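Data block below; observations after.
The values are calculated or read from the model by the stated rules, or taken from the named source; none is laboratory data. Model, not experiment: these values are computed from the prediction. Ideal geometry is used to build each Cβ from the backbone, glycine not excepted, and the neighbour counts take in all protein chains shown.
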Amino acid sequence: MSDQQQISLLKELIAANNNALPLNDFMQFALYDLQYGYYINCNPINTDFITAPEISQLFGEIIGIWVVLQWEQLGKPTQFNLVELGPGQGTLMLDIMRVAHKYISNYVSICLVEVSPILKEVQRKTLSAYSENTTWCNNIKDLLPAPTILIANEFFDALPIRQFTYRNNKWYEKCVAINHDKLALVDRETNNNFGEQDDGCVIEVNELAHKIFSNIKSFISSTSGAALMIDYGYTKSSGESTLQAVKEHKYHDILDNLGKVDITAHVDFSLFTDCKIISQRDFLYRYGIKERAAILLKKANAKEAKHVMQSLHRLTHPELMGELFKCAVYQHFSNIKWYNCDYEDY
Ligand code: SAH
């Protein structure tokens, strides 16, 4: 599997697209090609980037509290799906289950949606205590038709985006081309039109994210349930590019080291229609991160205590992960018992 073969394949793709491959197709190839894709071939977590559940158990434990609350609000169903999109090393689900297992372990079917064979293996090991409850699936539509609670942390940022720029009263689409035998980003005229904007304005469109979220919503509204999407992103576009590549915790050129760097974009939270959107800081505070940290501190030695305090700060400080990371919460509880019941029963 040589880099040369991979570049030749990409060049063929570019040639087949009138010598300009739209950014989303380039990302699809760089991240998901079944032979060369970044997510297919490596375990990037901790090597290239770190995520909230890997920073501290506090994060997943608070999500665990949220999961139990959703399950209660659903009327404590005795069969339900707990789905995670892009579960990484399985750490978030493990931390969720540490909190939730005594309430839900007899009733839960854990379903993981993961593209990477390497990470599936890591998840299998991390979640070995729950192997009887755990399966992997490729599509939300394949789930059991039961109430469903879905989690996705740093999943949507990985999905390929299209990028359009407004310049001199015209819209252009960002594409990858070959220039002097090297990969180059170019702008191609497009019929897509986002109206009149400031010169240089960039609009990013994540068609796959829209499709996946629409599937989540229609599944959950047919079965009842809740979904929690957490990611870095914005509720109102700044009109600038948010495309980024990261390798070994440093920013990187998106065209260099093909298939060996993480390429992502900030998530446009306006795609999560019918959701409550709050900052990660507010979400974690609301469900008790400070109280949970206080309990951990009581049992901690000096080194552990420092780690608890530092990670609490990192996850919630507005200038660190607290504000940039946001939570979109979708809830559909129409068939729940207590919701429909006669309150005089209490
Ligand atoms: N949620 C984890 C990992 C985030 S990294 C955490 O917080 O630590 C992104 C995860 O999504 C990885 O597990 C990656 O392999 C997976 N992934 C990315 N794109 C995917 C796709 N299209 N389908 C399924 N899984 C995907």
Please verify whether residue 265 is under 30 Å from residue 33 (Cβ atoms) and not aromatic (Phe, Trp, Tyr), treating the condition exactly as stated. yes
Restricted to the range 141-177 and to residues being assigned to a loop (DSSP other than H, G, I, E, B) and of a type outside the set (A, V, I, L, M, F, W, C), the residue nearest to the ligand (Cβ to nearest atom) is 154
Could you check how many residues of the range 178-193 are in a loop (DSSP other than H, G, I, E, B) and under 18 Å from residue 163 (Cα atoms)? 4
So, of the residues in the range 240-290 that are assigned to a helix (DSSP H, G or I) and of a type in the set (Ser, Thr, Tyr), which turns out to be farthest from residue 175 (Cα to Cα)? 285
Which is touching a strand residue (DSSP E or B) at 6+ places or on another chain (Cβ under 6 Å), modelled with pLDDT of 95 or more, over 30 Å from residue 282 (Cα atoms) and charged (D, E, K, R), of 174, 170? 174
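Quick grid of which residues meet (1) surrounded by 14 or more Cβ atoms within 10 Å (Cβ to Cβ); (2) more than 26 Å from residue 161 (Cβ to Cβ); (3) at pLDDT 95 or above; (4) within 18 Å of the chain's Cα centre (by Cα):
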site	(1), (2), (3), (4)
275	yes, no, yes, yes
279	yes, no, yes, yes
283	yes, no, yes, yes
286	no, yes, yes, no
296	yes, yes, yes, no
302	no, yes, yes, no
312	yes, yes, yes, no
321	yes, no, yes, yes
329	yes, no, yes, yes
Qualifying helices (runs of 4 or more DSSP H) (wholly inside the range 2-112; at least 3 residues being within 16 Å of the ligand (Cβ to nearest atom)): 23-32, 38-41, 52-55, 57-73, 91-104
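For the range 130-160, name all the residues that are touching a Lys or Arg at 6+ places or on another chain (Cβ under 9 Å) and either on the phi > 0 side of the Ramachandran plot or surrounded by 13 or more Cβ atoms within 10 Å (Cβ to Cβ) (or both).
Answer for the range 130-160, where residues must be touching a Lys or Arg at 6+ places or on another chain (Cβ under 9 Å) and either on the phi > 0 side of the Ramachandran plot or surrounded by 13 or more Cβ atoms within 10 Å (Cβ to Cβ) (or both): 134, 136.
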